[in-house]
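Asks: Please find one structure pasted underneath; my questions will follow.
The values are calculated or read from the model by the stated rules, or taken from the named source; none is laboratory data. Being a predicted model, the structure only gives us computed values, none of them experimental. Quick reminder, even Gly has a Cβ in these numbers, built from the backbone with ideal geometry, and neighbours come from all protein chains shown.
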Amino acid sequence: ASYDMGGHDTYMHKEISEQPDAVDRVLRGRIDDRFNTVHLGGLNLDAREARGIRRVKILGCGTSYHAGLIGAGLIESLARIPADAEPASEFRYRNPVVDPDTLYIAVSQSGETYDVLAAVQELKRKGARVLGVVNVVGSAIAREADGGTYVHAGPEVCVVSTKCFTNTVVAFALLALHLGRIRDLSVAEGKRIIEGLRKLPAQISEILESEADIKKLAEEYADAKSMMFIGRVRGYPVALEASLKLKEISYIHAEAYPASELKHGPLALIEPALPTVAIVPDDELLEKNRAALEEIKARSGRILAVAHREQEKADHTIVVPKNEDELDPILMGIPLQLLAYHTALALGRDIDKPRNLAKSVTVE
Ligand code: AGP
């Protein structure tokens, strides 16, 4: 690709920096302040059909799968429709029960990932309704789907996805709000989420301004051979995505676990040489997450928290601005993109073209 790097040393850095504008783009023209809802033109799903959905199944690979996990949480909490996400390739091979009342959503930056495309084709062959949440306009998955929404992240060149992940999650928030307002989400709740969405671009800019501090932290943790990422419920997919990002570009081994699962096994790994990155939002699980930090500290583990306020059990805290609980995962992922970036930079890695990976995986 030959897009201008716009003064950045890498496409990844450029794309991380573009996120305030990218999020602004996915929101633009879609918010309806009169009914406190959103309009998504290409869904091809009328209100009656939307009310008939009994389940949502989201399919994607890698980072798009992680965005789908957050999307499923948004759809469950705002639209109260049971929703989950699954890697597209696994879904296709376990001979899934395809149900006419389930809405299937395929997620893909490139719109060309073979595993996702093949899952869409199999679903359509079985008569399912499939929507696409896709970045590249006119791509194979966008064409194959019955409708959907573009995430408008703009061209993403770096092999690892950053701005498209963020925009995909915002697109899911819009979809969840849309479905919620057709179903049981109140006008006041719709307004609360819309106000939260509108705050995102400025809050992302605020996080990006702390890059110099995050760089220092990255340099401090770059000697780790392995890292643990933990979070709960909304925070868990953030941990999964942050650990994938670190693995892809720094080649440091990383694992992601729900914080609640630590005591069921991975706690055995905790020692000073294995730092933990913990997602600790100020939400209903704050005390539970803090208890997990205590367990790690008791085993002399180093902790880097991403939180809404300083965490005393952590060795370091990256403080991010608070939004609505449902939208916090969008913001908590951003500093961890920078952490992965600066770790890889400190280790001298080829950030835009990590070894063994391709931007779009068009083979099985
Ligand atoms: C992202 O950092 C990865 N390189 C990878 O996991 C990617 O998200 C996956 O291959 C799916 O690609 P897609 O979104 O273009 O379908």
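Asks: Name the single residue that is surrounded by the fewest Cβ atoms within 10 Å (Cβ to Cβ) among those in the stretch 336-364 being free of Cβ contacts under 8 Å to residues at least 40 places away in the same chain and away from the ligand (no atom under 12 Å from the Cβ). Show your work before the answer.
Replies: If we filter the stretch 336-364 for residues that are free of Cβ contacts under 8 Å to residues at least 40 places away in the same chain, which is where we start, we get 348, 350, 356.
Restricting the remaining residues to those that are away from the ligand (no atom under 12 Å from the Cβ) gives 348, 350.
On the way: 348: 7, 350: 11.
Filtering first and then ranking leaves 348.
Asks: Out of 118, 145, 171, 128, I need the residue that is under 20 Å from residue 358 (Cα atoms), more than 9 Å from the ligand (Cβ to nearest atom) and modelled with pLDDT of 95 or more. Which one? Working first, answer last.
Replies: Values: 145 fails: under 20 Å from residue 358 (Cα atoms); 171 fails: under 20 Å from residue 358 (Cα atoms); 128 fails: under 20 Å from residue 358 (Cα atoms).
Exactly one of 118, 145, 171, 128 is under 20 Å from residue 358 (Cα atoms), more than 9 Å from the ligand (Cβ to nearest atom) and modelled with pLDDT of 95 or more, namely 118.
Asks: Could you list, in sequence order, the residues of the stretch 57-98 that are more than 16 Å from the ligand (Cβ to nearest atom), outside any loop (DSSP other than H, G, I, E, B) and surrounded by fewer than 20 Cβ atoms within 10 Å (Cβ to Cβ)?
Replies: 76, 77, 84, 93
Asks: Also: Residues being without any contact (Cβ under 8 Å) to a residue 60 or more places away in the chain, within 16 Å of residue 356 (Cβ to Cβ) and within 16 Å of the ligand (Cβ to nearest atom): count how many of those fall in the stretch 218-253.
Replies: So the answer is 1.
Asks: Which ones in the stretch 209-227 are buried (at least 18 other Cβ atoms within 10 Å of the Cβ) and either of a type in the set (Phe, Trp, Tyr) or within 23 Å of the chain's Cα centre (by Cα) (or both)?
Replies: Hits for the stretch 209-227 are 214, 217, 218, 221, 227.
Asks: Going by the structure shown, is residue 188 out of contact with any His (no Cβ under 7 Å at 6 or more places or on another chain), crowded, with 23+ Cβ neighbours inside 10 Å and not aromatic (Phe, Trp, Tyr)?
Replies: So residue 188 does not fit the description; no.
Asks: Moving on. Output yes when any residue across the stretch 152-165 is of a type outside the set (Ser, Thr, Tyr), farther than 24 Å from residue 357 by Cβ and modelled with pLDDT of 95 or more, and no when none is. Give the derivation first.
Replies: First, the residues of the stretch 152-165 that are of a type outside the set (Ser, Thr, Tyr): 152-160, 163-165.
Adding the requirement that they be farther than 24 Å from residue 357 by Cβ leaves 152.
Okay, now just the ones that are also modelled with pLDDT of 95 or more, so 152.
So far as the stretch 152-165 goes, yes, one or more of its residues are of a type outside the set (Ser, Thr, Tyr), farther than 24 Å from residue 357 by Cβ and modelled with pLDDT of 95 or more.
Asks: Need at least 2 residues that are hydroxyl-bearing (Ser, Thr, Tyr) per element, so show me which helices (runs of 4 or more DSSP H) inside the stretch 122-237 make the cut, counting only ones lying wholly within it.
Replies: Filter on the stretch 122-237 gives 163-182.
Asks: Now for a separate question. If you scan the stretch 1-47, which residues turn out to be in a helix (DSSP H, G or I), under 28 Å from residue 179 (Cα atoms) and polar (S, T, N, Q)?
Replies: As a first pass, look at the stretch 1-47 and keep what is in a helix (DSSP H, G or I): 11-17, 19-27, 41-43, 47.
Then keep just the ones that are under 28 Å from residue 179 (Cα atoms); that gives 19-27, 41-43, 47.
Result: 19, single match.
Asks: Okay, next question. Only one of 344, 256, 305 is closer than 18 Å to residue 241 by Cα, in a helix (DSSP H, G or I) and of a type in the set (A, V, I, L, M, F, W, C); which?
Replies: 344
Asks: Now a separate question. Looking at 256, 278, 239, 268 in this structure, which one is farther than 15 Å from residue 293 by Cβ and modelled with pLDDT of 95 or more?
Replies: 256 is the lone residue from the list that is farther than 15 Å from residue 293 by Cβ and modelled with pLDDT of 95 or more.
Asks: Ok, one more. If the requirement is being under 17 Å from residue 345 (Cα atoms) and in contact with a Leu (Cβ under 9 Å, 6 or more places away or on another chain), which of these qualifies: 252, 270, 230?
Replies: Result: 252 is the single residue among 252, 270, 230 that is under 17 Å from residue 345 (Cα atoms) and in contact with a Leu (Cβ under 9 Å, 6 or more places away or on another chain).
Asks: On to the next question. Counting just the residues of the stretch 308-335 that are more than 16 Å from the ligand (Cβ to nearest atom), not hydrophobic (A, V, I, L, M, F, W, C) and not in a loop (DSSP other than H, G, I, E, B), which one comes out surrounded by the most Cβ atoms within 10 Å (Cβ to Cβ)?
Replies: Residues of the stretch 308-335 that are more than 16 Å from the ligand (Cβ to nearest atom), as a first pass: 308-332, 335.
Cutting the leftovers down to not hydrophobic (A, V, I, L, M, F, W, C) gives us 308-313, 315-317, 321-326, 328-329, 335.
Okay, now just the ones that are also not in a loop (DSSP other than H, G, I, E, B), so 316-317, 325-326, 328-329, 335.
Details: 316: 19, 317: 20, 325: 16, 326: 21, 328: 22, 329: 27, 335: 23.
Looking at residues that are more than 16 Å from the ligand (Cβ to nearest atom), not hydrophobic (A, V, I, L, M, F, W, C) and not in a loop (DSSP other than H, G, I, E, B), I get 329.
Asks: Same structure again: Would you mind stating whether residue 104 is modelled with pLDDT under 95, among the hydroxyl-bearing types (Ser, Thr, Tyr) and either in contact with a Lys or Arg (Cβ under 6 Å, 6 or more places away or on another chain) or more than 16 Å from the ligand (Cβ to nearest atom) (or both)?
Replies: Answer is no for this residue.
Asks: Residue 128 fails exactly one of the following numbered conditions: (1) buried (at least 24 other Cβ atoms within 10 Å of the Cβ); (2) out of contact with any helix residue (DSSP H, G or I) (no Cβ under 8 Å at 6 or more places or on another chain); (3) among the small types (Gly, Ala, Ser). What is the number of that condition?
Replies: Status for residue 128: all satisfied but (1).
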